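The values are calculated or read from the model by the stated rules, or taken from the named source; none is laboratory data. Just so we're clear, the structure is a prediction, and the values are computed from it rather than from any experiment. Quick reminder, even Gly has a Cβ in these numbers, built from the backbone with ideal geometry, and neighbours come from all protein chains shown. To get the accessible areas, we keep the full protein, side chains included, count just its heavy atoms, and leave off ligands, DNA and RNA. Shrake-Rupley method; radii C 1.70, N 1.55, O 1.52, S 1.80 Å.
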Amino acid sequence: MPQPRGVKPAGSGAGLTVAVTGPTGEIGKPFIDALERTRDVKKVIGMARRPFDPKSRGWRKVEYRQGDVLDRSTVDDLVEDADVVVHLAFIVLGASDATRDINVEGSRNVFEAAVAAGAKRLVYTSSVAAYGFHDENPRPLTEDVPTRGSEAHPYSAQKAELERVLDDAVSGAKLDTYVFRPCIVAGPEATMLVDAIPYVKINQALPAAARRLLDVMPILRPIIPDPGVPFQLVHHDDVASALKAAVLGKGEPGVYNLAGEGEMTMSDLADALGWYSIPVPDLAVDATAEVVSRIPFLPAEATWVNAARTPVLMSTERARKELGWKPKHAVRETLTQTVAGAREELEPA
Ligand SMILES: NC(=O)c1ccc[n+]([C@@H]2O[C@H](COP(=O)([O-])OP(=O)(O)OC[C@H]3O[C@@H](n4cnc5c(N)ncnc54)[C@H](OP(=O)(O)O)[C@@H]3O)[C@@H](O)[C@H]2O)c1
């Protein structure tokens, strides 16, 4: 492992070089857009596995490299000259035991490399899922609640484990660490919430004419089961503004929940899509989650049923107070924009 080169001198934030893993994801793209507009950021070096042309998005400060967070020497090269390291690379919907290497070991590589390179700041997006889906969770959740994760939900378990890995990696190091715990991120460019509904996956495989037929024949419209559990949404641009504040070293380093104003249920999502919803009792959700946990060959996405078992609603007081974070989009507006974005993806003009 390379030896620390000493922490780079803390400055006013002028002319920062920012290394970003996962710049091409649902959070990454709007976040880099925000950095492109920030005068204090001079250069962004981004890395993910697939080919990507920064010019295709009009990015001018970005140097893009193809690489895997599992490869420590590639990560060392990425963060070598960085003042700030932002770690977004992760397997989200498909998280399973098989993705533990990328999600936990890959992330450990990034954290250790940031310390070894002497970066000034490290910014990491954890998740509300790190708290775990426990009935006894306080409402709302504040940042001091322990992140226990939920064993039956690999994404949640890995997010919880990773916060401990991060604490170990940065312990004793002189770098300011910001950890964000966003709720579900949505918006026109972050449609995972809609894409994750099984019907959408089937719909995407249909020819356009068949899709249009489904839209005009209400009886064929899909039905979303609604366990009535409320959840929060945060707009990708509001996540981007929080990450940007951390990049610039605003407020105190530490842990911050992120969620937009308001809450919603799956029925609201069905309404926004023009679909139907049917209430399902808690018992049915519990039974499904129990069955899912016993079937080894189901796709990893099926474990997300656990996320619908109990409300995990967060307070965002701390981000508002410390970082001056003011989310611009409330849940209804974010939902409307997300559905519009998903429709564009499903039915390109
Ligand atoms: N979206 C949400 O609702 C949400 C909510 C809370 C927290 N978060 C957290 O926010 C972070 C970013 O999420 P996101 O929604 O932007 O995810 P995303 O859309 O799935 O994007 C993931 C990014 O990571 C890259 N990546 C994946 N595996 C990699 C690897 N082995 N090496 C290098 N790059 C890799 C992907 O590009 P390639 O596939 O080309 O490598 C992509 O750029 C994650 O930590 C996620 O857990 C997300």
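Structure summary
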read-out: Environment charge of Ile45, counting only residues whose C-beta is closer than 14 Å and scoring Lys/Arg +1, Asp/Glu -1; value: -2
read-out: Burial ranking of peptide ranges 122-128, 187-193 (average Cβ count within 10 Å, highest at the top); value: 122-128, 187-193
read-out: Sites Asp68 and Arg332 - FRET efficiency at Förster radius 41 Å, r taken between beta-carbons, to 0.05; value: 0.60
read-out: Accessible solvent surface per residue of segment 53-161, calculated while the other protein chains remain in place, 1.4 angstrom probe, Å²; value: 39
read-out: Alpha-carbon centroids, segment 313-327 and segment 41-90: separation in whole Å; value: 28
read-out: Sequence-separation-based contact order of segment 72-129, relative, with Cα cut under 8 Å and 6+ spacing, percent; value: 54
read-out: Proximal charge balance of Ala246 [Cβ under 9 Å; K/R count +1, D/E count -1]; value: +2
read-out: Loop-located trypsin sites (Lys or Arg not before Pro) in segment 39-133 whose Cβ has at most 15 other Cβ within 10 Å (DSSP); value: Arg39, Arg49, Arg60
read-out: Radius 13 Å from Cβ of Ser73, net charge of other residues (Lys, Arg +1; Asp, Glu -1); value: -4
read-out: Approximate spin-label separation Asp168-Asp271, in nm, with each point projected 7 Å along Cα-to-Cβ; value: 4.7
read-out: Subset of Lys55/Lys321; Lys61/Lys159; Lys43/Lys326; Lys29/Lys120 violating a 28 Å alpha-carbon distance limit; value: Lys55/Lys321; Lys61/Lys159
read-out: Heavy atoms of Ser315 accessible to a 1.4 Å probe, total area in Å² rounded to 10; value: 20
read-out: Coil-residue GluC sites (Glu not before Pro) of segment 147-182, DSSP, other Cβ within 10 Å capped at 12; value: Glu151
read-out: Surface share of carbon and sulfur [accessible, 1.4 angstrom probe, percent] for segment 50-96; value: 45
read-out: For segment 69-178, average projected area of the Cα convex hull in nm²; value: 6.9
read-out: Additional length obtainable on full extension of the chain from Asp144 to Glu105, 0.36 nm per residue less Cα span; value: 11.5 nm
read-out: Gained length - Ser56 relative to Asp33, 0.36 nm times residue gap less alpha-carbon distance; value: 7.1 nm
